[in-house]
C-alpha cells in the first residue's frame, strides 16, 4: 500500500513539473483506463508493464535500472529532475516504471536531451537514431554519437536430445554516427571508414593523425579529428 501511494505521489509530482515547464497539463480524464493505450494528450501514454521473459538472458533496457538521477532537458530549454526513468531498446521508448501492471511511455518529441551522471544523450524521435544516442562530443555543426540497438540471439537446441545448448540472449550493439551540418553518416571506427566520411579533407586528416599519433578506433581521438576537420572547413 505504501508503495502504491509513493508511486501515485511520484506520478502526480512529475506531471505537475511537466505542466510548470510549458508542457500541457495532464489529468486522469485524458486517458481511458479500459484501454491498454490511454492517450495522455501529447505527453505520452500508459501501457501494460513489461512481462519479463526469464528464458532470455540480458535486458531490453539501456540502463541497468530505473532508479537513478536523471535530468530531462525539454526542447523549450527547461530541465526536469527525474529519478525513475529508462530507455526501452526493444520498443525504442523512454519509460517510467510504475508497477508490474503499468508503465508510462513519454512522447520523445517533447525532449531534447537526457543527462545521466556525466553522460549526455541526444533524443531523436524518428529515423535511424530514434531514441537515445550518447553524445561523445558536440562541436555545434558536428556531433559524434554512439547509438545502441538490441539484437536477439535465439536459443540453440540439440535436435537429437531437444536439450538447450545455449540460451536465447539480448545483446546491446553499438553503432557510431557523425552528424555533419545536419547530415547523418554511419561510420565504423576504422581508418578507411573515418577518412571516407571526411573525404573532402582526408589527406590533411591523415597527416594530422600521423603527426599527433592518434588512433582511428579511439573515441577521444575521433573527437580531436573532428575538431581539426571543423577548423579547416
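Each reported figure results from applying straightforward, stated rules to the coordinates on display, with no laboratory input. Remember, predicted model here, so these are calculated numbers, not experimental data. Positions of Cβ are generated from backbone atoms using ideal geometry, with glycine treated the same way; all protein chains shown enter the neighbour counts.
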In whole angstrom, the spacing between the Cα centers of the stretch 111-133 and the stretch 179-215 equals 24
Tell me the label-point distance for the pair residue 118, residue 55, using the 7 Å Cα-to-Cβ offset, in nm and rounded to one decimal.
-> 4.3
Hey, rough spin-label estimate for residue 168 and residue 217, points 7 angstrom out along Cα→Cβ, what's it come to in nanometres?
-> 3.3
Extending each Cα 7 Å along its Cβ direction at residue 90 and residue 154, get the distance between those two points in nm, one decimal.
-> 1.7
Exposure proxy ranking, count of Cβ atoms within 10 Å, fewest first, for 121, 170 | 170, 121
Relative contact order in percent for the stretch 64-134 (Cα pairs under 8 Å, 6+ apart) equals 26
